[in-house]
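The values are calculated or read from the model by the stated rules, or taken from the named source; none is laboratory data. The model shown is predicted, which means the values in this text are computed figures rather than measured ones. Every residue, glycine among them, receives a Cβ derived from its backbone with ideal geometry; neighbour counts consider all protein chains shown. When the accessible area is computed, the model is the full protein with side chains, heavy atoms only, and any ligands, DNA or RNA have been set aside. Shrake-Rupley method; radii C 1.70, N 1.55, O 1.52, S 1.80 Å.
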Amino acid sequence: MDDKSLEMLEFPHVREIVAGYTSFSASRGLVNSLRPLTDYQQVALLLRQSGEARRLLTLESGFSIGGVFDIREATGMAAKGKVLEPLTLVEVQQTLAAAGQLRGRLSKLSQELPLLWEIAGGIIELKQLEKDIESCLAPNGELFDHASPKLAATRRQLREVRQQLSERLEAIMRTPRGRRIVQEPIITEREGRYVIPVKTEFQKEIRGIVHDVSNTGATAFIEPLVTMELGNTLRELLMEERREVERILSRLSADVGANHLEISQNIDRVAELDVALAKARYAQKARAAEPVITSFDGTGKESSSQPAGTLRLIDARHPLLGEKAVPLSVELGSDFSILVITGPNTGGKTVALKTIGLLSLMAQAGIPIPASADSRMPVFDGVFADIGDEQSIEQTLSTFSWHIGNMVRILKNSSARSLVLLDELGTSTDPAEGSALARAILLHFLSRGTMAVATTHFGDLKAFAHVTAGIQNASLDFDPVTLAPTYRLRVGLPGGSNALATASRLGLPSEIISSARDMLSKGAQELEALLADLTGEKQWAESLHQELEKEMDRVAQRSAELASELQRLKTEERRAIEEIRDQIVTEAAELQKEIRQASAELRRAKSRDEIDRAKKTLAAMQDRLKGDVWQPKPEVNEEVAAERPITVGDTVWLKEANLEAKVLSVLEETQQVDVQAGQTRFRLNLNSVTREPAAGKAAPEVARVITTPSRKAASMELDLRGKRVIEIEWLLDSFLNEAAMANLSQVRIIHGFGTGAVRQVVRDALASHPLVKSSRPGERGEGGDGVTVAKL
């Protein structure tokens, strides 16, 4: 990339902003060395990493790399044999711990953030080294006593010797002579020796060595002769402690040096992750996003119908203007490759030019841009700019010469895959010659296929752009009433310079403005007026278009609300129908239970009165079943089902209840069928169900044939183990009927022991059954109390 253009577009300033979001010096250095790349794969990778970092911050808003230090230089020195300071070793330990924790946290998110995990996965965990340093050094750099057995023993002896010294010195000061000669009863230290403050006039009264005298000369700090041997022992122990500390630090430093390459690699990995997080934090602050990146050969086009080399910025904002930036939208490379921007002075043309160039540089450096995520940018092989004025008297460099020098540099280095930005093209010289030169330069870029954006005030350049294919006009709007700039870019129409209005707004005297306006040709004034009218008309049309879009959105929203309400009502209707059907089925089950009880009562009846009473109950139940509530509108096929045996999965009708049900199972031996109606299950005789539609349906009269298997030989034994209580009465009744028809005189019912509930139901039923003469529990050889034997 062209360094001069990077400076003109203020790319280094953007790097400084992003660097402010880093966590330590290594990542800060990486950001400050960022440069736009020209390889599509590398640019796409950096932007995807940034996107994953933004995703990470949405998952864990406070995510950071932790307490990491750039210790690469220190570990390098350790590798050369230098003994590191205790605090430096603590930084090594904290960095290793933070790197390991960072790796662990990202490993849990490896499926969601594969690119960040690819970086973090390269962090080498040095747990033993981390543990060794942590076990020896406190966070403040002090060595623990247990750093080594020798250090622990030495420090224990030191404490003992200090205690002895203190006790002896205190004893001296407590004597009558001591209280008389000491300045004050304290023990202090001079040159590593324990001393007491003695008044100068009494220093001859105590034998010892004077180590110091106070500034006033009134106090002598004397080490008594009786404590000198203990003082020597203390000095020896201190030296021994120092040697052991140096030995421990030397060992730890050697271990750090041995892992210098691994530690440096970890720092590089952590710094790379921190750079991605810094970009994500910047994106949150600046409301930035990663654009869609393409190459000029079509790589990364995805499903877009636009040409590969299309630049499309949507709601793009200059990153250095903050909240003051006015969004602009622009597209290059599709219908045209060169854009000529005109408009009033101080209207924002240069800002628009810099926004396009700076956002291109940011994207190619992997930095999210303050624009819509739908923005689309190709990877340029160079971004070149000619912006500003650097005339120099010393170098005899005029403004025009400086611009021409830039143009020579751009023409020499740019290609068909470059982006060229030209501010005030053709100015600072004769207007006619400057305009001709500007047109020739634009035609050169057009013939080569280079994307270019130029700003100008030349009227003939506006007309040239209008009639030349591949070149398009654009303008910065101004308020048609106040003539103040709005800083909004509109593509398709040229803009007026409004130099007189701008000069008046900036404070030029009105008489000069009037005089200048009188000097303008009538054609020039009419052209400026026409451009102002066109601008006003376009603004009105766009305002009307926006209102229509808002109204369409409101209609669409209302339609969606009505559709949602209709769906809700349908859901409630279905729920209500299901609740009513469930209620009906439940009541049917209750009625069916009463019917079974009435039938059982009939079988057990001993007198004509009881039989009549049971028949009346049965008749009453049947009358209830014929009521209106039991006449639902079933959804069944109008055609009569083909004549075939009833099988599992068939839809049948309950004759007495007139309800639709589904067959769950068919019991051929007992000629019964399990059915489900709504949420309720029944077991009925086969002749209680039919395929025919409910009563009232116009069904043709056809014969119903239910094929049943031939009756097998009756069994003398019925096994009810595992059966539900509700099934027992039906099974037992059918079994007894078959046994009676087979002329069996005795049968055995196996019900097991269990809780006794099945046994009690069986024996109650046998006691009242008309076919049973007597019953008894099974004997020892018959199954004991788990069996009941009935005589018919």
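Taking the conditions exactly as written (open to solvent by less than 20 Å² (accessible area, probe 1.4 Å), farther than 16 Å from residue 368 by Cβ, in contact with a strand residue (DSSP E or B) (Cβ under 9 Å, 6 or more places away or on another chain) and in contact (Cβ under 8 Å) with a residue 24 or more places away in the chain), does residue 90 satisfy them or not? Spell out how you get there, then give the answer.
Values: open to solvent by less than 20 Å² (accessible area, probe 1.4 Å): yes; farther than 16 Å from residue 368 by Cβ: yes; in contact with a strand residue (DSSP E or B) (Cβ under 9 Å, 6 or more places away or on another chain): yes; in contact (Cβ under 8 Å) with a residue 24 or more places away in the chain: yes.
Criteria met by residue 90.
Restricting the first member to segment 729-752 and to residues that are without any contact (Cβ under 8 Å) to a residue 40 or more places away in the chain, and the second to residues that are part of a loop (DSSP other than H, G, I, E, B) and surrounded by 20 or more Cβ atoms within 10 Å (Cβ to Cβ), the beta-carbon pairs closer than 7 Å and six or more apart or on different chains are 750/720; 751/720. Take the conditions open to solvent by less than 100 Å² (accessible area, probe 1.4 Å), of a type in the set (S, T, N, Q) and closer than 30 Å to residue 727 by Cβ and apply them to residue 586. Does it pass? So residue 586 fits the description; yes.
Quick grid of which residues meet (1) at pLDDT 90 or above; (2) open to solvent by 20 Å² or more (accessible area, probe 1.4 Å); (3) closer than 26 Å to residue 441 by Cβ:
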position: 280; (1), (2), (3): yes, no, no
position: 287; (1), (2), (3): yes, yes, no
position: 304; (1), (2), (3): no, yes, no
position: 316; (1), (2), (3): yes, no, yes
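Scanning segment 1-40 for residues that are of a type in the set (S, T, N, Q), in contact (Cβ under 8 Å) with a residue 40 or more places away in the chain and surrounded by fewer than 18 Cβ atoms within 10 Å (Cβ to Cβ) gives 25, 38. Looking at residue 98, is it among the aliphatic types (A, V, I, L, M) and exposed (fewer than 15 other Cβ atoms within 10 Å of the Cβ)? No, not satisfied. Filtering segment 753-774 to residues that are at pLDDT below 85 and in contact with a Leu (Cβ under 8 Å, 6 or more places away or on another chain) leaves only 758.
Taking every residue in segment 211-229 that is under 10 Å from residue 190 (Cβ atoms) and pairing it with any residue that is of a type in the set (Gly, Ala, Ser) and assigned to a helix (DSSP H, G or I), at least 6 positions away or on another chain, the pairs with Cβ-Cβ distances below 9 Å are 223/231. Answer yes if at least one residue in segment 214-230 is of a type in the set (Asp, Glu) and either under 24 Å from residue 128 (Cα atoms) or modelled with pLDDT of 95 or more (or both), and no otherwise. Looking for residues that are of a type in the set (Asp, Glu) and either under 24 Å from residue 128 (Cα atoms) or modelled with pLDDT of 95 or more (or both), one finds none in segment 214-230, hence no. Would you confirm whether or not segment 153-174 contains a residue that is in a helix (DSSP H, G or I), within 30 Å of residue 257 (Cα to Cα) and open to solvent by 30 Å² or more (accessible area, probe 1.4 Å)? Checked against the condition, which is being in a helix (DSSP H, G or I), within 30 Å of residue 257 (Cα to Cα) and open to solvent by 30 Å² or more (accessible area, probe 1.4 Å), segment 153-174 yields at least one hit. Can you tell me which residues in segment 1-60 are small (Gly, Ala, Ser), in a helix (DSSP H, G or I) and farther than 19 Å from residue 361 by Cβ? 25, 26, 27, 29, 53, listed by residue number. Each residue in segment 731-761 was checked for being open to solvent by 70 Å² or more (accessible area, probe 1.4 Å) and under 21 Å from residue 785 (Cβ atoms), and 4 of them qualify. The number of residues in segment 762-781 that are open to solvent by less than 50 Å² (accessible area, probe 1.4 Å) and in a helix (DSSP H, G or I) comes to 4.
Across segment 719-771, what is the total count of residues that are aliphatic (A, V, I, L, M) and either touching a strand residue (DSSP E or B) at 6+ places or on another chain (Cβ under 6 Å) or under 20 Å from residue 684 (Cα atoms) (or both)? Looking only at that region, the number is 15. Checked against the criterion of being under 30 Å from residue 57 (Cβ atoms), outside any helix (DSSP H, G or I) and touching a Leu at 6+ places or on another chain (Cβ under 6 Å), segment 95-108 contains not a single residue that satisfies it.
Quick check on residue 122: is it on the phi > 0 side of the Ramachandran plot and open to solvent by less than 20 Å² (accessible area, probe 1.4 Å)? The answer is no for residue 122. Of all the listed residues (388, 357, 405), the sole one being assigned to a helix (DSSP H, G or I), at pLDDT below 90 and out of contact with any Cys (no Cβ under 7 Å at 6 or more places or on another chain) is 405. When 562, 520 are checked against the criterion of being among the hydrophobic types (A, V, I, L, M, F, W, C) and either at pLDDT 75 or above or farther than 30 Å from residue 348 by Cβ (or both), a single residue qualifies: 562.
Quick check: anything in segment 217-225 assigned to a helix (DSSP H, G or I) and farther than 30 Å from residue 120 by Cα? Yes, segment 217-225 contains a residue that is assigned to a helix (DSSP H, G or I) and farther than 30 Å from residue 120 by Cα. Scanning segment 237-285 for residues that are more than 26 Å from the chain's Cα centre (by Cα) and either under 23 Å from residue 138 (Cβ atoms) or of a type in the set (Gly, Ala, Ser) (or both) yields a count of 25.
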